[in-house]
Amino acid sequence: KTVIGVLASGRGSNLQAIIDAIQAGRLDVKIGVVISDNPEANVLKRMVNYDIPSLCIDRRQFSSRQDFEAAIAEELNIRHVELVVLAGFMRILSRYFIDRFEGKIMNIHPSLLPSFPGENAQQQALEYGAKVSGCTVHFVDEGMDTGPIILQEAVPVLEDDTVEALADRIVHAEHILYPRALALYCEGRLTVAGRRVYITDKE
Ligand code: GAR
């Protein structure tokens, strides 16, 4: 079983969807550890219901970004994590961290990349006047939401949408997409060639 480590900063609904998929038998991974950079994060409160190691690594307790990332990497290594899963993790990881988990970091972003990278992707889509948006699961490289795309799902932008309404529609799609992308990875069905990720059929 692939051991994943989940990094999350906030609500943790994507982590919840991953846990639900595991419990429903749709995803065969082990969550080795959940790490939040935010001591107040709801994601940590969720974890009291589960027998999964979880902890906070607070950026403010480190004098440099590298020390902070080294502490995260150490914790992931102690738990034998093979794939790092960013689920609403609101920090950009530096080269230093990415080199340690080369090709083994996944992120979910609430837009159809390369449109609307960075923060407030749903608001960006609304303000731009896009008629569709969606979500993207991708491998992480040193850029901002620029790594090779694994899966995408589109959702409509409606005329009376608020940022919250659009974000809810997108996150609902995320909860289906992320467990599917993780399953593909764990089944060894993803091949990265440059920017393109090829998905092989199930044997
Ligand atoms: C999700 O919509 C995710 O795509 C987004 O934050 C939300 C986290 O929700 N991530 C980013 O914007 C990354 N830059 P959750 O904490 O309920 O999973």
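The values are calculated or read from the model by the stated rules, or taken from the named source; none is laboratory data. No experiment lies behind these values; they were computed from the predicted model shown. Cβ sites come from the backbone with ideal geometry, for glycine too, and all protein chains shown count toward neighbours.
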(request) State all residues of the range 74-99 that are free of Cβ contacts under 8 Å to residues at least 60 places away in the same chain, touching a strand residue (DSSP E or B) at 6+ places or on another chain (Cβ under 9 Å) and closer than 20 Å to Met144 by Cα; if no residue qualifies, say none. (result) Leu93, Phe97, Ile98
(message) If I filter the range 19-50 down to residues being under 17 Å from Val81 (Cβ atoms) and part of a helix (DSSP H, G or I), which single residue comes out as farthest from the ligand (Cβ to nearest atom)?
(response) Ile22
(request) Identify all residues within the range 51-88 that are among the small types (Gly, Ala, Ser), outside any loop (DSSP other than H, G, I, E, B) and more than 16 Å from the ligand (Cβ to nearest atom); write none if there are none. (result) Ala70, Ala71, Ala73
(message) Take residues that are small (Gly, Ala, Ser) and tell me which of the helices (runs of 4 or more DSSP H) falling wholly in the range 89-203 contain 2 or more.
(response) 121-128, 163-186
(request) Would you mind stating whether Gly10 is within 12 Å of the ligand (Cβ to nearest atom), small (Gly, Ala, Ser) and surrounded by fewer than 19 Cβ atoms within 10 Å (Cβ to Cβ)? (result) yes
(request) Could you list, in sequence order, all residues of the range 102-114 that are within 14 Å of the ligand (Cβ to nearest atom) and either of a type in the set (A, V, I, L, M, F, W, C) or at pLDDT below 95 (or both)? (result) Ile105, Met106, Ile108, Leu112, Leu113
(request) Check His138 against each of (1) away from the ligand (no atom under 12 Å from the Cβ); (2) modelled with pLDDT of 95 or more and name the one condition it does not meet. (result) (1)
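Table: residues versus (1) more than 24 Å from Ser13 (Cα to Cα); (2) hydrophobic (A, V, I, L, M, F, W, C); (3) at pLDDT 95 or above.
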residue	(1), (2), (3)
Arg100	yes, no, yes
Ile149	no, yes, yes
Glu153	no, no, yes
Val157	no, yes, yes
(request) Among what's in the range 160-203 and is aliphatic (A, V, I, L, M) and within 15 Å of Ala87 (Cα to Cα), pick the residue that is farthest from the chain's Cα centre (by Cα). (result) Ala167
(request) Identify, by number, the condition in (1) surrounded by 14 or more Cβ atoms within 10 Å (Cβ to Cβ); (2) more than 12 Å from Val85 (Cα to Cα); (3) not β-branched (Val, Ile, Thr) that Leu15 doesn't meet. (result) (2)
